[in-house]
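The values are calculated or read from the model by the stated rules, or taken from the named source; none is laboratory data. A quick note: this is a predicted structure, and the numbers were derived from the prediction, not measured. All Cβ positions, even for glycine, are placed from backbone atoms using ideal geometry, and neighbour counts span all protein chains on display.
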Amino acid sequence: MAIAKFIDYIEKEKNYSAHTQKAYAKDLNDFSFYCQNEHQVNGIEQIEYPLIRAWIVQLVNAGNSNRSINRKISVLRSYFNFLQRIEVRDTNPLRKHKPLKESKKVQLPFTEKEINGLLDGAFFDDDYQGVLSKTVIETLYCTGMRRTELIHLETQNVNLEGGTLKVLGKRNKERFIPLLPELKKQLERYTSEVKNAFGDEPFPYFFRSSKGKKMSDNLVYTIVNSYFNVVSTKEKRSPHMLRHSFATHLLNQGADLNTVKDLLGHASLAATQIYTHSSMEQIKAVYKDAHPRGEKK
């Protein structure tokens, strides 16, 4: 089946993560199911744009956001490009399709006060789960790493003595992140707790649940969401918001965009620039104070 070949292609040729592969497969299978059940079309390799358009209408009527629909269509576009590559199709039926307009909703990061209040306060229990939770939150905020990067952080890539982490990012791209003193101290404490709980039992991943198993996406999300629910009124309290906060706070303190880009593991500055909107007030203040025609304090 062409879908299976496509998923194999994005795994082996594009080095897409297992999570992305699963999401792509679901979107393609959902569309295939729609074609079969609504239009009695078996196989989506040779379908044309009107049928895709009908699916878009159904998705809109079902209450899917324009952003979600655009993501699904982007997957379809990639799939048809692949079919052209392997000479199953001559053209891509989405070649003239224009994405639906998306509202630009600004997600506010956590404030420095909220994060410092949590990490410096007495919110974490003194047992393994408490130490794990604080270490997860402090690592996400002090390094800006993605949730999946934290989950897959290998024990051998944590160099406490040298003060660095080697992180495997998207498409297996490696980057090194220096450890701040507070984070290094917390990681050392966590390492001690792991030894007390599990002895010297070898384990490939640095972070493990209280049951000694690999951390799950849901567990990391639950840790971040539950603790920030206590100190923040923001609607979105996900691990990604700590990455967002990391980038925004660095820019607020004057870090240059290229440095933040490298720390985040972005391939281009364009991806990093989405965080500059949150720093605009700081940028305005520096600009007004530094420019010869600005308002001096």
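General remarks:
One line per residue, one yes/no per condition, for (1) in the same structural domain as PHE228 (by TED's automatic domain parsing); (2) of a type in the set (Ser, Thr, Tyr); (3) within 20 Å of the chain's Cα centre (by Cα); (4) buried (at least 20 other Cβ atoms within 10 Å of the Cβ):
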| residue | (1), (2), (3), (4) |
| --- | --- |
| ASP126 | yes, no, no, no |
| GLY130 | yes, no, no, no |
| VAL136 | yes, no, yes, yes |
| THR139 | yes, yes, yes, yes |
| CYS142 | yes, no, yes, yes |
| ARG147 | yes, no, yes, yes |
| GLU154 | yes, no, yes, no |
| GLU161 | yes, no, no, no |
| LEU165 | yes, no, yes, yes |
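Residues are listed down the side, and each one gets a yes or a no for (1) assigned to a loop (DSSP other than H, G, I, E, B); (2) closer than 22 Å to ALA122 by Cα:
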{"residue": "ASP200", "(1), (2)": "yes, no"}
{"residue": "LYS211", "(1), (2)": "yes, no"}
{"residue": "VAL220", "(1), (2)": "no, yes"}
{"residue": "TYR227", "(1), (2)": "no, yes"}
{"residue": "THR233", "(1), (2)": "yes, yes"}
{"residue": "ALA247", "(1), (2)": "no, no"}
{"residue": "ALA255", "(1), (2)": "yes, no"}
{"residue": "ASN258", "(1), (2)": "no, no"}
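- Members of segment 101-124 found to be farther than 16 Å from SER192 by Cβ and more than 23 Å from the chain's Cα centre (by Cα), listed by number: LYS113, GLY117, ASP120, GLY121, ALA122, PHE123
- Candidate set from segment 12-25 (those that are surrounded by 15 or more Cβ atoms within 10 Å (Cβ to Cβ) and at pLDDT 90 or above); member that is nearest to LYS173 (Cα to Cα): GLN21
- Among (1) under 22 Å from GLY169 (Cα atoms); (2) of a type outside the set (Lys, Arg); (3) modelled with pLDDT of 95 or more - the single one ILE52 does not satisfy: (1)
- Candidates in segment 148-179 are the residues that are of a type in the set (A, V, I, L, M, F, W, C) and out of contact with any Gly (no Cβ under 9 Å at 6 or more places or on another chain); of these, the one that is farthest from PHE207 (Cα to Cα) is PHE176.
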